[in-house]
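First the structure, in the form of structure tokens, and then the observations on it.
The values are calculated or read from the model by the stated rules, or taken from the named source; none is laboratory data. None of these values were measured; they are calculated from a predicted model. Ideal geometry is used to build each Cβ from the backbone, glycine not excepted, and the neighbour counts take in all protein chains shown.
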There are 2 protein chains.
Amino acid sequence: MELRILGCHSATPKPGEFPSSQALSVHNHWLVLDAGEGMQMQLRRYGVKFGRIKHIFITHLHGDHVYGLFGFLSTLRLLDRRTEMHLYGPPPLKRLLDEVFHATQVELTYPLHFHSLDADEPRLILDEKKFTVRSVPLLHRTPTTGFVIREKPAPRKLNPEAIARYPEIGIWAYHNLKDGKDFVRDDGSIIPNEELTLPPPAPRMYAYITDTAFNPAIVPEISGADVLYHEATFAESERHLAEKTGHSTAAQAAEIARMAGVKKLIIGHFSSRYRNLNVLLEEAREIFPETELAHEGKTLIF
Amino acid sequence: MELRILGCHSATPKPGEFPSSQALSVHNHWLVLDAGEGMQMQLRRYGVKFGRIKHIFITHLHGDHVYGLFGFLSTLRLLDRRTEMHLYGPPPLKRLLDEVFHATQVELTYPLHFHSLDADEPRLILDEKKFTVRSVPLLHRTPTTGFVIREKPAPRKLNPEAIARYPEIGIWAYHNLKDGKDFVRDDGSIIPNEELTLPPPAPRMYAYITDTAFNPAIVPEISGADVLYHEATFAESERHLAEKTGHSTAAQAAEIARMAGVKKLIIGHFSSRYRNLNVLLEEAREIFPETELAHEGKTLIF
């Protein structure tokens, strides 16, 4: 997987800062996670080809996560896109798009399939050949879901040297071997799969969790993620603001990462009050050392 | 006046390019002209204080002129703005804002006064103490108006040396002198105003004309402008596209500038097809030499 952070600040902009939006590459798909204002410019800036995007996931209907959607979808029609686009988000997003496109006279040249997301329980919302996407209810001031992208286990890898020792194993048998099946000779005797194949790379997993108050209920859904992006709008010194506004502190984000046993935590959605983000980073690292700050243009390959 | 160009490209973005938006400073007001996506980031980047903006003018309801409005108005409430904001635009803009703010749960903390603009004839739409704004109907695919901002004539300047020669002229008379009135002595004799005052600087005038097909009907409204911004989406070689889409060529923009006798022409709203904008610049300069290309961050003081 390859993650590119397009914007990672909360709603009030400072010079050069963009609100929430990310692009995740998984098996030749680019998935877009949230669409803060300026998302299409940021996609261009960080080299994500519009034509490779087929799925957009919106966590919730606050402006800093969705106001970039109109421009992007509208631009695609100017590029004469014909390929279908799939959009996942809260139920009222459909009407919002209809109203905006009606008022601004946008007629799409491509099919836009809207998938309405309920924020009541975790759900499988996309089941592709090589990966899945699940929605995870979060705790915010409006119905909000995070998203978990998980590769499906890859087939086992053939071990050519081992296979060469057995002339009776023809190419016709490779498919079953990759599926993990033992090789059965004509006389019924067995060559165990483990002798003929190597384990595949572990399936990768990414969790995108924003915006939310501290919510341990999500831990089973994000458990073991290679990378967890978790909002950390505030520091513990502003915990009362976090509670009031349905956001997390850096310490709370780190606590979730620790509980879920993820490999790496990226914190983002910073309040504009923090001129120096190190206060957030240090707070999180005390609880979960493998923490990094998000920043625009940050790229992670995992 | 001070003009800052925040974005000057047409709808399809290239890296680092923003759609139409400008800020114009006139007598301590910042006026915003169009609100393309990313406008609030660009205001921050180019140092325009949000609190100094009280008037926003939208030419028409195409996304590249209005999709930045939602984020900006929404951010102002996060900054706890209390001062009123005046918004001028086509009639359906009101409903569009209502729908967007309803869906994204935006409750403004300040009064937003919407002024509905008809695109049928030129109108005086704002009459401030020191300047006026007029709307000018343009020729586009949807109702569209350009805007002309004009300083009111300033009072004449007192000439202290001349006044010192006449002890009978007290401070009480200065107001009338600034207004251009002659000084009348007690005996009825007259000292002509021109002897006592100097002419004020000529009132400044800015015309913002986008998007439009070639439209000589606007010439009387923009005549004598210090600066004319006129869209030049295409070159003459794409004139058929300009006609089809309700846009102008660089040569047509220059022809309007020439007919209106403006002092300077800035062309913008470039189609993304032109990698090198000099083709547009040279085409315009052949007709109107005092032409410049718009670019993001361009500042003009006049």
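Points worth noting:
- Residue tally, condition of a type outside the set (A, V, I, L, M, F, W, C), in contact with a helix residue (DSSP H, G or I) (Cβ under 8 Å, 6 or more places away or on another chain) and not in a helix (DSSP H, G or I), over segment B:218-255: 8
- Reported count of residues in segment B:144-192, each being on the phi < 0 side of the Ramachandran plot and under 34 Å from the mean Cα position of the chain (by Cα), is 23.
- Test: residue in segment B:78-97 that is polar (S, T, N, Q) and surrounded by 21 or more Cβ atoms within 10 Å (Cβ to Cβ): no
- Filter result for residue B:274 (surrounded by 14 or more Cβ atoms within 10 Å (Cβ to Cβ), assigned to a loop (DSSP other than H, G, I, E, B) and of a type outside the set (Gly, Ala, Ser)): yes
- Filter result for residue A:230 (under 16 Å from the mean Cα position of the chain (by Cα), free of Cβ contacts under 8 Å to residues at least 40 places away in the same chain and assigned by TED's automatic domain parsing to the domain that holds residue A:8): yes
Condition check ((1) outside the structural domain of residue A:21 (by TED's automatic domain parsing); (2) within 23 Å of residue A:17 (Cβ to Cβ); (3) in contact with a Gly (Cβ under 9 Å, 6 or more places away or on another chain)) across all residues:
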position	(1), (2), (3)
A:247	no, yes, no
A:257	no, no, no
A:260	no, no, yes
A:267	no, yes, no
A:282	no, yes, no
A:292	no, yes, no
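- Search result, residues across segment A:5-25 that are surrounded by fewer than 20 Cβ atoms within 10 Å (Cβ to Cβ) and modelled with pLDDT of 95 or more: A:25
- Test: residue in segment A:95-110 that is under 15 Å from the mean Cα position of the chain (by Cα) and under 30 Å from residue B:144 (Cβ atoms): no
- The set of residues in segment B:151-190 being out of contact with any strand residue (DSSP E or B) (no Cβ under 9 Å at 6 or more places or on another chain), outside any helix (DSSP H, G or I) and farther than 30 Å from residue B:207 by Cα consists of B:165, B:167, B:170, B:181, B:186, B:187, B:188, B:189.
- Set side by side, the residues A:213, A:225, A:202, A:257 differ, and just one is under 18 Å from residue A:149 (Cα atoms) and touching a residue at least 60 places away in the same chain (Cβ under 8 Å), which is A:225.
- Residue A:21 vs. criteria touching a helix residue (DSSP H, G or I) at 6+ places or on another chain (Cβ under 6 Å) and over 25 Å from residue B:77 (Cα atoms): no
- In segment A:83-106, the count of residues that are at pLDDT below 95 and hydrophobic (A, V, I, L, M, F, W, C) is zero.
- Residue that is farthest from residue B:108 (Cα to Cα), among those in segment A:48-61 that are out of contact with any helix residue (DSSP H, G or I) (no Cβ under 9 Å at 6 or more places or on another chain) and in contact (Cβ under 8 Å) with a residue 40 or more places away in the chain: A:55
- Test for residue B:12: is it farther than 18 Å from residue A:36 by Cβ, touching a residue at least 24 places away in the same chain (Cβ under 8 Å) and hydroxyl-bearing (Ser, Thr, Tyr): yes
- Test: residue in segment A:133-154 that is closer than 29 Å to residue A:12 by Cα, touching a residue at least 24 places away in the same chain (Cβ under 8 Å), of a type in the set (Ser, Thr, Tyr) and touching a helix residue (DSSP H, G or I) at 6+ places or on another chain (Cβ under 8 Å): no
- Looking across segment A:256-271, the residues that are outside any helix (DSSP H, G or I) and within 15 Å of residue A:210 (Cα to Cα) come down to A:265, A:266, A:267, A:268, A:269, A:270, A:271.
- Out of B:70, B:147, sole residue that is over 26 Å from residue A:62 (Cβ atoms), aromatic (Phe, Trp, Tyr), buried (at least 19 other Cβ atoms within 10 Å of the Cβ) and out of contact with any Pro (no Cβ under 9 Å at 6 or more places or on another chain): B:147
- Where helices (runs of 4 or more DSSP H) sit wholly within segment B:33-143, those with at least 3 residues that are closer than 24 Å to residue B:222 by Cβ and within 11 Å of another protein chain (Cβ to nearest Cβ) occupy B:63-66.
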